[in-house]
Amino acid sequence: MPRKVPGRDQAIRASLAALLLLLAGSPEATAADPDAVARGAYLSAAAGCGQCHTDAKNNGPAYAGGRVIATEFGTIVTPNITPDRANGIGGWSNADFIRAMRWGIAPDGTHYVTAFPFPYFARLTDGDLADLKTFLDSLAPVSRPGLGAAASLALLARARAAVGQAVAANSAASPAPSAPKIARGAYLVTTVGRCGDCHTPLTWFGAPDVSRKFAGSAGWFNDRKAPNITQDPKTGIGGWSEDEIASLLKDGGTPDGDFVGGAMAEIVRNTERLTDDDRHAIAAYLKALPPKVFGENK
Amino acid sequence: MRSSIKLLALGAVLAIGAATATVALAADKDQIIKDRQALMKEQGGDMGAVKAYIDGKGDLAKATAGASDLIDTMKKIPDVFPPNTGGPNPDGKFTTKAEIWSDWNGFLAARDTGTEKATALLAALKGGDMAAITTAFGDTGKNGCGACHGKYREEIKQ
């Protein structure tokens, strides 16, 4: 009769239980909620994450970074945001992700330049940020080194970022629109899609001129130029119906049969993936904007 | 003395001739830019006819005629972009990029893409499947018209 060793039995039972738990539990513990992945993917399309974080020109893998972008602080190469641990954001905690998205601070404490539009993302809801992280974590890791030369004027970049952040935070749609459709449009325009990043003129310091939100930019500060999208009938889109605005976001066509090219054509590749309801929400919000005349502080 | 007068007269004639030629060239260029904008507006109208049909505001015959005209007008594009005719449209909204002429083969390839998309649009209209028509319309707009505008057209700073 074998000698009973209670301690050893207990240890074996515990190990078996742990193993079973691991076998049974691990797929559930690591497999992401498919609904959250889908919501995150939708949000990523609406925010255009892949637009900057993919080197589409050279057929680079999606979200693996490497796109070269000229900014007022020098040329940057966008980072890899796939879950690769060495080159991407695979080692990031939720807290790391939220800090980067809301405050523009990398896990190692360095600051991002505002080419990464964190001042706008500061107002993303907790749920949307969580969905976005779940989606990015669900991507296949790509071991492509992405992050290139950082800005040379780091201090200026940081000062500009701080100002931009404060201004953007204060320039949210306020007071919050009461109609749910317009409120949804406001969130998509001001926070997720950041239309003002191109369509709002800049002050002499390079911060958005909140007194002329969406009044268009002639591109004197950097090379961005974009038309007036307020309700001004002459220099803006006051003559466009909600359907016509939603239609442009779907296929890039304007009411006179023209088709946008350049930067807005890239944006349409994001907005064409939105639902009709969301495109109409954006249009309804733009229709509710006060008219402003195109022009710049010079 | 006489010969120098002759030379002067010859010089004057040449100068007047050159000036006239320059004026004529400038007038031609203005006309070409007008023709160019008219052609683009015509194509915009063609796309508008298809769009109206998709939106339930226009008829199929007009949409089909529009797609057909789009294919025909694509052939005229090189004629309205001869060399040395870069410049803004009369309404001052857009101007040409120098790449049209420095990358002429690329420009023609963009036109060929437009023709290909417009041909698929016409086929979809004849097929009668609204989903296919909508897809072909978006493809023509984005990857035909829009792609060329993105590469070869520039918005003017207002």
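No value in this document is a laboratory result; all are computed from the given coordinates. Note that the coordinates shown come from a computational prediction; the quantities given were computed from them, not determined experimentally. All Cβ positions, even for glycine, are placed from backbone atoms using ideal geometry, and neighbour counts span all protein chains on display.
Here the peptides B:74-82, B:126-134 are ranked by packing, the mean other Cβ count within 10 Å, and the order with the highest first is B:74-82, B:126-134. Net length available on complete extension from B:L108 to B:D91 is 3.6 nm, with 0.36 nm assigned per residue and the Cα-Cα distance removed. Between B:Q31 and A:E272, how many nm apart are label points set 7 Å from Cα along the C-beta direction? Taking the two extended label points, one gets 3.9 nm. Between their Cα atoms, which of A:K225/B:K41; A:K292/B:K62; A:K133/A:K213; A:K225/B:K151; A:K287/B:K62; A:K225/B:K57 are more than 26 Å away from each other? Flagged as over cut-off: A:K292/B:K62; A:K133/A:K213; A:K287/B:K62; A:K225/B:K57. Taken residue by residue and averaged, Cβ atoms of other chains lying within 10 Å of the Cβ of A:245-258 number 6. When each of the peptides B:90-102, A:275-287, B:140-152 is scored by the mean number of other C-beta atoms lying within 10 Å of its residues, the order from highest to lowest reads B:140-152, A:275-287, B:90-102. Each of the peptides A:178-185, A:58-65 was scored by the mean count of other Cβ atoms within 10 Å over its residues; in descending order, highest first, they stand as A:58-65, A:178-185. Across peptide B:143-154, the mean count of Cβ atoms from other chains lying within 10 Å of each residue's own Cβ comes to 5. Here each label is just a point 7 Å from Cα along the line to Cβ, and for A:I69 and A:D243 those points are 3.6 nm apart.
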